[in-house]
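Following: one structure in structure tokens, then a few remarks.
The values are calculated or read from the model by the stated rules, or taken from the named source; none is laboratory data. Quick caveat: nothing in here was measured; it's all calculated off a predicted structure. FYI the Cβ positions are ideal-geometry reconstructions off the backbone, even for glycines, and counts take in every protein chain you see. For the accessible areas, the whole protein counts, side chains as well, though only heavy atoms, and no ligand, DNA or RNA atoms are used. Shrake-Rupley method; radii C 1.70, N 1.55, O 1.52, S 1.80 Å.
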Amino acid sequence: MSFSFAKPSSISGGTFFKPIDHMNDLALLIEPTSITKGVENTYQGRTTLRDEVTADVTVFGTSEALEKGEPTEVIKGARVVHGMLTSTLERVMGGAMVAVVRKIPTKNGSGYAFRDVEWEVEAVVGAYWEQREAAVDAARASGAMPSFD
């Protein structure tokens with residue numbers, strides 16, 4: 001018998017969203033759930049304060065994943081810590097956004113930013129999202145939610 005147990009790191013926000021690992025993905029469905037402001041961070045001997053956003057990130061990394069409407073990865077409770085990314089996610093808190101990650105020039109060098117996807121890609125991800133939400137609503141309405149009393 002095989003068990004499918006959740007990993008504590010996948011639900012406790014222990015996973016960091018690493019933008020460099022997602023620069024080639026075709027679409028990201030990002031659903032920010034919370035923000036913690038003023039988190040102390042020490043990097044290269046310098047301590048600063050930063051905002052951290054916790055989000056669920058659904059990754060469509062290949063054209064096949066988009067065509068089938070099946071994500072290549074779902075990251076639950078990921079912590080997003082890069083400044084331009086967190087400031088964007090703060091504006092859609094409690095909602096959802098479809099985007100790609102790109103490295104862009106800034107006055108201090110470069111940084112990661114979310115960018116728009118083509119409307120065709122957004123439509124495919126939107127259909128996935130609607131189907132997922134409909135399945136959750138159907139399970140709730142049918143009373144199929146288990147009782148552990």
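Observations on the structure shown:
- Residue check: Met84 meets all listed conditions (1) closer than 20 Å to Pro19 by Cα; (2) assigned to a strand (DSSP E or B); (3) open to solvent by 60 Å² or more (accessible area, probe 1.4 Å) but one, namely (2).
- All positions within segment 31-62 that are open to solvent by less than 50 Å² (accessible area, probe 1.4 Å) and outside any strand (DSSP E or B): Gly61
- When the residues of segment 2-27 are filtered to those that are in contact with a Ser or Thr (Cβ under 7 Å, 6 or more places away or on another chain) and either of a type outside the set (Val, Ile, Thr) or surrounded by fewer than 16 Cβ atoms within 10 Å (Cβ to Cβ) (or both), the one that is modelled with the lowest pLDDT is Gly13.
- From the list Val117, Val98, the lone residue that is assigned to a strand (DSSP E or B) and of a type in the set (Val, Ile, Thr) is Val98.
- For beta carbons closer than 7 Å, sequence separation of 6+ or different chains, a first residue in segment 73-84 that is farther than 26 Å from Ser63 by Cβ and without any contact (Cβ under 8 Å) to a residue 60 or more places away in the chain and a second that is in a strand (DSSP E or B) and open to solvent by 20 Å² or more (accessible area, probe 1.4 Å), the qualifying pairs are Gly83/Arg50; Met84/Tyr112.
- Between Ala127, Ala141, Ala99, Ala113, the distinction of being surrounded by 10 or more Cβ atoms within 10 Å (Cβ to Cβ), of a type in the set (Gly, Ala, Ser) and over 24 Å from Lys37 (Cα atoms) belongs to Ala127 only.
- Being part of a strand (DSSP E or B) and under 16 Å from the mean Cα position of the chain (by Cα) is a property that does not hold for Val92.
- When the test is whether a residue is in a loop (DSSP other than H, G, I, E, B) and touching a residue at least 24 places away in the same chain (Cβ under 8 Å), Gly126 does not pass it.
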